[in-house]
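Novice: Shown below is the structure under consideration.
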Amino acid sequence: MPRPNPYRPYTPDPAQLALAPDISGNEINGLGDAARRPPSIVYWATNPDDIPHGRMQKWFYTVDPGSPEFGVERAKRAAIYAEPLPPVAPTPAERSPESWTAALEQFVDAGLCEKVGVAEMNSAWLFEGGAASETRVIIAGVQHDYDRIATAPEPEAGAEVMVQYTRATRVAKEIAAWLHREGWAARPVTGPMATTLTMIPAAIEAGFGELGKHGSIINPEFGASFRLSAVLTDAPFAPTPKQSHGIDAFCEACRICEDACPPYAILPDKQTVRGDEKWYVDFDKCLPFFNEHQGCGICIAVCPWSRPGIGLNLAAKLARKAGREG
Ligand code: SF4
Ligand code: SF4
């Protein structure tokens, strides 16, 4: 028996629903489309007027969380993003691909992020109309403070997400600045308004983990409780290998996030989305609750992998089980 859900039944604010466009966000995302096509920006557009759900995006900012932390973090992030990068040094540094990738650990050691990885660029990750000539995508992961994210959907969880987006922006800028000093052009890409490429598939390819039923990546070390940023470059980094920990199969048998999601947005079965079978969150059901609760985050918080000390043990247990089953 699932635990009683304190946020059900959920009735969206009619003022917000009045701003919904005629087109479904699921249609924009390509739910049910068997043909492959580039992803479209469905939300968090740099200019909300460019997308059908732009009026709902603007409404998000009208919900007063009662905490100055949101404004402070947004201003910090904007200031970091506006900082100019140093010029690209005239002579590109030469290193082996493995040594380039190993050098990224300096950003983890400095506490700017908790994980780094590299994927070869795949044009399928670029948003419709987007362009990138770079050959490498560096991914940085920053972990939430679990105690704060566990308060979701209270504003404190949303504030923690803002804090981590600020860190994600900082580390992407620092990696790009380092590459410029090393003589290689680099472009930071940071969320939530990441309009160049969709970061989740790039991060999965770079070994950050597997897609969970709740639509976020699950990593044994951090669970689903982290944010991403990226840096695009031609510096010849060695890709970091994709990882499999049995999380996908674990999600088949678990329904904790499904039961915890107030608007029933987390679908129990994989869906076809732009030609791929994958876990999918119903955008139209999630968005009103998400907007009314500073980004919600319940599904990330309740996922057992997110609980400190659980994920690595769970991954080891699943690996032993897979070993026994040959
Ligand atoms: S709560 Fe369960 S089903 Fe949902 S993403 Fe986490 S492990 Fe998968
Ligand atoms: S973020 Fe969306 S999918 Fe996750 S629990 Fe909240 S409403 Fe549900």
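The values are calculated or read from the model by the stated rules, or taken from the named source; none is laboratory data. Everything numeric in this text was worked out from a predicted model, so none of it was measured. Ideal geometry is used to build each Cβ from the backbone, glycine not excepted, and the neighbour counts take in all protein chains shown.
Novice: It is to be established whether one or more residues within the range 59-77 are of a type in the set (A, V, I, L, M), in contact with a strand residue (DSSP E or B) (Cβ under 8 Å, 6 or more places away or on another chain), loosely packed, with under 15 Cβ neighbours inside 10 Å and at pLDDT 95 or above.
Specialist: Here is the first cut: in the range 59-77, the ones of a type in the set (A, V, I, L, M) are 63, 72, 75.
Restricting the remaining residues to those that are in contact with a strand residue (DSSP E or B) (Cβ under 8 Å, 6 or more places away or on another chain) gives none.
Within the range 59-77 (the criterion being of a type in the set (A, V, I, L, M), in contact with a strand residue (DSSP E or B) (Cβ under 8 Å, 6 or more places away or on another chain), loosely packed, with under 15 Cβ neighbours inside 10 Å and at pLDDT 95 or above), the answer is no, since none of the residues qualifies.
Novice: Just to be sure, is I80 surrounded by 15 or more Cβ atoms within 10 Å (Cβ to Cβ), in contact (Cβ under 8 Å) with a residue 24 or more places away in the chain, β-branched (V, I, T) and in contact with a strand residue (DSSP E or B) (Cβ under 6 Å, 6 or more places away or on another chain)?
Specialist: On the way: surrounded by 15 or more Cβ atoms within 10 Å (Cβ to Cβ): yes; in contact (Cβ under 8 Å) with a residue 24 or more places away in the chain: yes; β-branched (V, I, T): yes; in contact with a strand residue (DSSP E or B) (Cβ under 6 Å, 6 or more places away or on another chain): no.
No: the conditions fail for I80.
Novice: Considering only the range 250-301, how many residues are within 15 Å of ligand 1 (Cβ to nearest atom) and surrounded by fewer than 20 Cβ atoms within 10 Å (Cβ to Cβ)?
Specialist: Of all residues in the range 250-301, those within 15 Å of ligand 1 (Cβ to nearest atom) come to 250-262, 264-271, 278-282, 286, 296-301.
Next cut, surrounded by fewer than 20 Cβ atoms within 10 Å (Cβ to Cβ) only: 250, 252-256, 258-259, 264, 267-271, 278.
Going through the range 250-301 one residue at a time, the tally reaches 15.
Novice: How many residues are more than 17 Å from G141 (Cα to Cα) and buried (at least 20 other Cβ atoms within 10 Å of the Cβ) if we restrict to the range 223-249? Step through it out loud before you land on a result.
Specialist: Our first condition is that a residue be more than 17 Å from G141 (Cα to Cα); within the range 223-249, this holds for 233-238, 244-249.
Still in the list and also buried (at least 20 other Cβ atoms within 10 Å of the Cβ): 233, 235, 237, 245, 247.
Residues in the range 223-249 being more than 17 Å from G141 (Cα to Cα) and buried (at least 20 other Cβ atoms within 10 Å of the Cβ): 5 in total.
Novice: Another one. Using the structure shown, decide if G215 is among the small types (G, A, S), closer than 20 Å to A301 by Cα and within 11 Å of the chain's Cα centre (by Cα). Talk me through it step by step, then tell me what you get.
Specialist: Working: among the small types (G, A, S): yes; closer than 20 Å to A301 by Cα: yes; within 11 Å of the chain's Cα centre (by Cα): yes.
Criteria met by G215.
Novice: For R187, state whether it is modelled with pLDDT of 95 or more, within 16 Å of ligand 2 (Cβ to nearest atom), basic (K, R) and in contact with a helix residue (DSSP H, G or I) (Cβ under 7 Å, 6 or more places away or on another chain). Give the steps one after another, and end with the answer.
Specialist: On the way: modelled with pLDDT of 95 or more: yes; within 16 Å of ligand 2 (Cβ to nearest atom): no; basic (K, R): yes; in contact with a helix residue (DSSP H, G or I) (Cβ under 7 Å, 6 or more places away or on another chain): yes.
Taking the combined requirement at face value, the residue does not satisfy it.
Novice: Grab the helices (runs of 4 or more DSSP H) fully contained in the range 207-309, keeping just those with 3 or more residues being more than 20 Å from P12 (Cβ to Cβ). Lay out the reasoning, then the answer.
Specialist: Numbers: elements: 247-253, 256-260, 283-292, 298-302.
The helices (runs of 4 or more DSSP H) meeting that bar are 247-253, 298-302.
Novice: Report every pair of residues separated by at least 6 positions or lying on different chains whose Cβ atoms are under 6 Å apart, first residue within the range 248-269 and acidic (D, E), second near ligand 2 (Cβ under 8 Å from one of its atoms).
Specialist: That search, which allows pairs on different chains as well, returns E258/I266.
Novice: Separate question: Please find, among A194, A260, the residue that is out of contact with any Phe, Trp or Tyr (no Cβ under 8 Å at 6 or more places or on another chain) and small (G, A, S). Lay out the reasoning, then the answer.
Specialist: Working: A194 fails: out of contact with any Phe, Trp or Tyr (no Cβ under 8 Å at 6 or more places or on another chain).
Matching residue, one of A194, A260: A260.
Novice: Another question, if that's okay. Among the residues of the range 143-160, which ones are under 14 Å from the mean Cα position of the chain (by Cα) and surrounded by fewer than 23 Cβ atoms within 10 Å (Cβ to Cβ)?
Specialist: Result: Q143, single match.
Novice: Does R37 satisfy being in contact (Cβ under 8 Å) with a residue 40 or more places away in the chain, exposed (fewer than 14 other Cβ atoms within 10 Å of the Cβ) and over 30 Å from D234 (Cβ atoms)? Before you say what the answer is, go through the steps one by one.
Specialist: Details: in contact (Cβ under 8 Å) with a residue 40 or more places away in the chain: yes; exposed (fewer than 14 other Cβ atoms within 10 Å of the Cβ): yes; over 30 Å from D234 (Cβ atoms): no.
So R37 does not fit the description; no.
Novice: Continuing with this model, one more query. Residues in the range 239-255: is at least one under 19 Å from the mean Cα position of the chain (by Cα) and closer than 17 Å to A157 by Cβ?
Specialist: Scanning the range 239-255, I find no residue that is under 19 Å from the mean Cα position of the chain (by Cα) and closer than 17 Å to A157 by Cβ, so the answer is no.
Novice: Name the residues in the range 190-219 that are within 16 Å of ligand 2 (Cβ to nearest atom) and either of a type in the set (A, V, I, L, M, F, W, C) or at positive phi (or both), would you?
Specialist: First, pick out the residues of the range 190-219 that are within 16 Å of ligand 2 (Cβ to nearest atom): 191-192, 200, 211-218.
Selection gives I200, L211, G215, I217, I218.
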